[in-house]
Structure formats: structure tokens, C-alpha cells
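Before any comments, here is the structure.
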Amino acid sequence: MSDQPENVVLVLLRRLDGRMDRFEAKLDEVVVRMGALARGVAAIKVDYAATRVRLDNMDRRLQRIERRLDLIDAPAG
């Protein structure tokens, strides 16, 4: 072991390097989690669109049934 004191700047740079490694690991985790959230939101949007289509189809069917039963007036045309 050397009798010279360790360079303070090198000590601080090593600490900073360790902190940066931990920061990068956390950032990688955040990026992965954000990707999962984005996929989840996209899936919700797809489900919502499919639900709207089904509701629109049900509404059209209901209107046809009501017209057949003479519950509402037939559209002019």
C-alpha cells in the first residue's frame, strides 16, 4: 500500500460513478414500467373502441326491432 493519500478527486469520481450506475438501473426500471403502462393504456383504448362498436350495433338492432313492432315511426325515405 502506498504512503501517499488517495486523490480526493478520484474518490469523489468513484462515488459519483457508483451513484450513476444505480441511477441508470433505476432509469431502466422506469422505462420498462412506462412501456408496460403504455401497452396497458393502448389495450384499454382498443377495448373501449370495441365496446362502442358493440353498443352501436345493439342500438341499431333495437331500433329495427322497435320499428318491426311499430313502437316507433319508420324513417322517411
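What is the magnitude of the charge dipole of the stretch 1-67 about its Cα centre, with +1 placed on the Cβ of each Lys and Arg, -1 on the Cβ of each Asp and Glu, and no other charges, expressed in debye to the nearest 20?
For this selection, approximately 840 debye.
Which of V31, V41, V9 sits closest to the plus end of the dipole of the chain, meaning its Cα is farthest towards the positive end, when Lys and Arg get +1 and Asp and Glu get -1 on the C-beta?
V41
Per DSSP helix of 4 or more residues, -39500 (n - 2.57); summed, then divided by the residues of the chain. What does that give at 222 nm, rounded to the nearest 500?
So the helix-based figure for the chain works out to -30000 deg cm²/dmol.
Using every pair of alpha-carbon atoms in the chain, split the distances into 5 Å bins beginning at 0 and state the percent of pairs per bin, rounded to integers.
Binned Cα distances yield the sequence 3, 12, 8, 8, 8, 6, 7, 6, 6, 6, 5, 4, 4, 4, 3, 3, 2, 2, 1, 2, 0.
Taking the Cα atoms only, what angle lies between the long axis of helix 8-68 and the longest principal axis of the chain, rounded to 10 degrees?
The angle comes out near 0 degrees.
Any read-out appearing in this document is the output of simple, stated calculations on the displayed coordinates, not a laboratory observation. All values reported here derive from a predicted model rather than from experimental measurement. Every residue, glycine among them, receives a Cβ derived from its backbone with ideal geometry; neighbour counts consider all protein chains shown.
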